[in-house]
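Trainee: The structure's right below; bear with me while I get my questions together.
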Amino acid sequence: MSATPGPHRRQLHLGYMYWVNGTHWGGWRQPDAPTDGAFDVAYALRAAHTVERAKFDFFFLGDTLPGDIVDEQWKTTHNTGRLEPFTLGSQLALQTTDIGIVVTAHPTFYDPYILARLTSSLDHLSGGRLAWNVVLGASDAAARNFGLDDLGGASRYERADEFIEVVKRLWDSIEDDAYIQDKESGRFIDDSRIHRLNWRGEHFRVEGTLPLRRPPQGHPPLLYAGASEASRALSAKWADVHFTNSRTIEASAAFNADVRERAAAFGRDPEQLFFLPGITPVIGDTRASAVAVYDRLNAALPLDDDIVWGGRDREHWAAYAASPAGQAPLGHGLRNLGALSALIGVDVTDAGLDAVFPSAHVAGLSERGRRLLASVTERTDRTPEGADPVRVRDLLYASVIDGFPLAIGTAESVADTLQEWFEQGAADGFNVQSPYLWGQLDRFADEVVPILQRRGLQRTEYEASTFRGHLGLPRPRGFFDGR
Ligand SMILES: Cc1cc2nc3c(=O)[nH]c(=O)nc-3n(C[C@H](O)[C@H](O)[C@H](O)COP(=O)(O)O)c2cc1C
């Protein structure tokens with residue numbers, strides 16, 4: 001594939017999703033993976049400098065508050081220990097020069113005044129390089145650390161909607177040139193440029209103003225993820241960047257078109273919304289060596305001690321497979337052949353992990369089973385009848401990391417995948433993740449990015465100095481301007 005570089009050509013927007021141990025749950029167990037960096041600023045800075053060198057739009061500090069970290073160690077190891085994003089973000093802001101910095105904050109667990117103050121401060125300190133990732137996830141157990149019984153169900157979206165509106169008005173509450181500091185007259189502030197909110201809403205009451213000049217970007221960009229009706233509406237109304245996880249180009253393009261249409265109905269320019277699917281590249285010198293990395297990562301996924309039944313019986317797993325929990329990633333006690341058999345609709349409990357999955361079983365697979373088999377073939381080229389056949393082990397691993405957005409292959413083929421999604425309207429860029437650190441992240445920056453740059457798809461130098469500038473977004477007028 002080729003492309004002509006040009007100054008006004010649409011280019012990718014790349015973000016790096018910083019998960020301290022990488023995104024593959026077997027990543028931290030690789031022999032060359034560091035395990036002691038989570039609380040060390042130098043570790044985060046190494047990642048930030050790597051992607052700043054590759055001219056990424058942003059460095060993304062995601063954050064899901066943990067429920068029970070003992071349980072979560074089997075799945076999201078990055079949730080079991082990491083630095084608070086505003087604290088780390090302020091360090092990164094001072095030790096980088098161009099890259100945007102995304103901090104994550106959950107409206108349910110913050111107050112809009114505090115959040116507006118934190119984000120405005122960090123936008124000032126970073127010279128306009130901040131964005132706020134609005135999230136509404138985590139577990140009810142996480143909510144119980146805040147005196148709440150649960151996350152709030154549907155009402156949390158309504159609270160978030162009002163929360164965002166209040167934050168934006170607080171950012172706007174002191175106009176850019178309100179701080180006149182006129183030594184002659186003794187007037188410090190021009191009171192005609194100060195706007196008290198007098199907000200009395202369903203969830204919040206805010207009377208006054210922030211004690212800060214309007215943020216350099218006016219409004220730091222908002223990021224959002226989620227696919228339900230409520231999430232689409234919230235994103236269409238407020239988000240600048242939508243972080244997506246559609247499985248196919250077609251599904252992704254349809255999702256993006258739907259949210260863009262809703263944004264237009266809110267009076268927004270739908271071209272000013274950016275859709276970034278997550279992608280975890282697994283890169284090798286050849287397709288086979290990339291598949292070998294993938295196999296090594298999977299081999300590090302801890303499985304159940306009782307690999308046949310996980311200490312349960314057939315009835316238990318049948319009920320599990322039929323329940324909503326059966327769609328979630330498999331944690332400890334769920335990684336066994338009984339659970340797998342219930343999910344795929346074919347009994348493999350007698351087979352053992354290393355048995356070849358018999359091709360005679362293919363016809364009996366459930367829809368989930370067919371999807372898992374298809375993902376094994378897509379990721380590894382293994383088929384039930386092939387010379388390198390699908391093993392039971394491959395299906396169990398696929399069920400543990402079901403839905404992971406992996407691109408496995410050479411740097412060239414990873415670049416092809418990104419380009420295809422971009423050109424088919426499925427992506428405006430990507431939230432790039434690394435299966436583990438450091439080798440895979442370095443390979444993306446040093447091998448895939450130069451290919452994208454040669455194709456004119458990725459900038460070779462920063463052309464703007466703010467986050468909004470990287471997205472090509474203008475600084476918005478303030479809500480109170482001219483009022
Ligand atoms: C790709 C993706 C990334 C997400 N990252 C986070 C996160 O870092 N922290 C969090 O609390 N929730 C996160 N969420 C959850 C969303 O904020 C949202 O609340 C949840 O997906 C509910 O979506 P729904 O409205 O589609 O049900 C993420 C969701 C998606 C789809």
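Trainee: So between Y179 and A319, what do we pick up on full extension, going 0.36 nm a residue minus the alpha carbon distance?
Mentor: Value of the extension gain: 44.0 nm.
Trainee: While we're on this one: If you add up the charges near G37, with Lys and Arg at +1 and Asp and Glu at -1, over every other residue whose beta carbon is less than 14 angstrom from its beta carbon, what do you get?
Mentor: Neighbourhood net charge equals -1.
Trainee: Can you find, among G67, A42, T97, the residue sitting farthest towards the positive end of the charge dipole of the chain, where Lys and Arg contribute +1 and Asp and Glu -1 at Cβ?
Mentor: T97
Trainee: Then there's this: For A387 paired with V356, estimate the spin-label separation in nm (one decimal), with each label point 7 Å from Cα along the Cα-to-Cβ line.
Mentor: In this crude label model, A387 to V356 measures out at 1.3 nm.
Trainee: Under a plain spin-label model, where a point goes 7 Å from the Cα along Cα-to-Cβ, how far apart in nm are A328 and S366?
Mentor: Each label point is offset 7 Å from its Cα along the Cβ direction, giving 1.7 nm.
Trainee: If you wrap the chain's Cα atoms in a convex hull and average its projection over all directions, what's the area in nm²?
Mentor: Reported value for the Cα convex hull: 25.0 nm².
Trainee: Another question, then. For the stretch 17-61 and the stretch 346-413, what is the separation of their C-alpha centers, rounded to whole Å?
Mentor: Rounded to whole Å, the Cα centres lie 29 Å apart.
Trainee: If you put +1 on each Lys and Arg Cβ and -1 on each Asp and Glu Cβ, how big is the dipole of the stretch 302-400 around its Cα centre, in Debye rounded to 20?
Mentor: 280
Trainee: If I fit a long axis through the Cα atoms of helix 41-53 and take the longest principal axis of the Cα atoms of the chain, what angle between them do I get, 0 to 90°, rounded to 10?
Mentor: Here the helix axis deviates by roughly 90 degrees.
Trainee: So, by mean Cβ neighbours within 10 angstrom, what's the order for 263-269, 28-34, 110-116 with the highest one leading?
Mentor: 110-116, 28-34, 263-269
Trainee: What does the highest-first list of 63-74, 387-398 look like by mean Cβ count within 10 Å?
Mentor: 387-398, 63-74
Trainee: Which FRET efficiency, nearest 0.05, do A374 and W199 yield, Cβ-Cβ r, R0 51 Å?
Mentor: Taking R0 as 51 Å, the efficiency between A374 and W199 is 0.50.
Trainee: Helix-only estimate, please: 222 nm mean residue ellipticity of the chain, summing -39500 (n - 2.57) across DSSP H runs of length 4 or more and dividing by its residues, to the nearest 500.
Mentor: The helix-only estimate for the chain comes to -10500 deg cm²/dmol at 222 nm.
Trainee: Related question: What is the magnitude of the charge dipole of the chain about its Cα centre, with +1 placed on the Cβ of each Lys and Arg, -1 on the Cβ of each Asp and Glu, and no other charges, expressed in debye to the nearest 20?
Mentor: Charge dipole, the chain, about its Cα centre: 880 debye, nearest 20.
Trainee: Taking K and R as +1 and D and E as -1, what net charge do the other residues with C-beta under 13 Å from the C-beta of L372 add up to?
Mentor: Charge balance in the 13 Å sphere: +4.
Trainee: For the stretch 336-483, what are Rg and Dmax over the alpha carbons, in angstrom?
Mentor: Reported Rg and Dmax, both Å: 21.8, 74.
Trainee: Can you give the % of DSSP beta bridges in the chain that are antiparallel, to the nearest 5?
Mentor: About 15 percent, rounded to the nearest 5.
Trainee: Also, quick follow-up: What is the sum of charges, Lys and Arg at +1 and Asp and Glu at -1, for the other residues whose Cβ falls under 13 Å from the Cβ of D149?
Mentor: Result for the neighbourhood of D149: 0.
Trainee: Which residue, chosen from L330, P302, L396, occupies the Cα position most advanced towards the positive end of the dipole of the stretch 302-400, where the dipole is computed from +1 (Lys, Arg) and -1 (Asp, Glu) charges on Cβ about the Cα centre?
Mentor: Looking along the dipole axis, the top candidate is L330.
Trainee: Now, a different point. Give the share of C-alpha pairs in each 5 angstrom bin for the stretch 162-305, from 0 to the last occupied bin, in whole percents, shortest bins first.
Mentor: Once binned at 5 Å, the Cα pair distances of the stretch 162-305 give 2, 8, 12, 11, 11, 11, 10, 9, 7, 6, 5, 3, 2, 1, 0, 0.
Trainee: Something else: Under the rule a/c < 1.5 gives rounded, and otherwise a/b versus b/c splits prolate from oblate, where does the stretch 70-218 land using the Cα gyration tensor?
Mentor: Cα axes put the stretch 70-218 in the oblate bin.
Trainee: Post the alpha-carbon centroid distance, the stretch 160-198 to the stretch 246-309, in whole angstrom.
Mentor: Going from one Cα centre to the other spans 41 Å.
Trainee: If you take the Cα atoms of the stretch 302-400, find Rg, then find the Kirkwood Rh from the mean of 1/r over all pairs, what is Rg/Rh?
Mentor: In the stretch 302-400, Rg relative to Rh is 0.94.
Trainee: Students often forget the sequence filter, so: which lysines lie under 16 Å Cα-Cα from K168 once same-chain residues fewer than 8 apart are removed?
Mentor: Straight-distance partners of K168: K237.
Trainee: Enter the angle in degrees (range 0 to 90, nearest 10) between the Cα long axis of helix 229-238 and the first principal axis of the Cα atoms of the chain, meaning the one along which they spread out most.
Mentor: 40
Trainee: Going by average Cβ density within 10 Å per residue, which order do the peptides 374-382, 307-315, 129-137 take, highest to lowest?
Mentor: Descending packing order for the listed peptides: 129-137, 374-382, 307-315.
Trainee: Could you calculate the contour length gain from E461 to T35, that is, 0.36 nm times the residue separation minus the distance between their Cα atoms, to one decimal place in nm?
Mentor: Result for the pair: 150.1 nm of gain on full extension.
Where a number appears in this text, it was derived from the coordinates with a stated rule and is not lab data. Just so it is clear, the model here is predicted, and its values are computed rather than measured. FYI the Cβ positions are ideal-geometry reconstructions off the backbone, even for glycines, and counts take in every protein chain you see.
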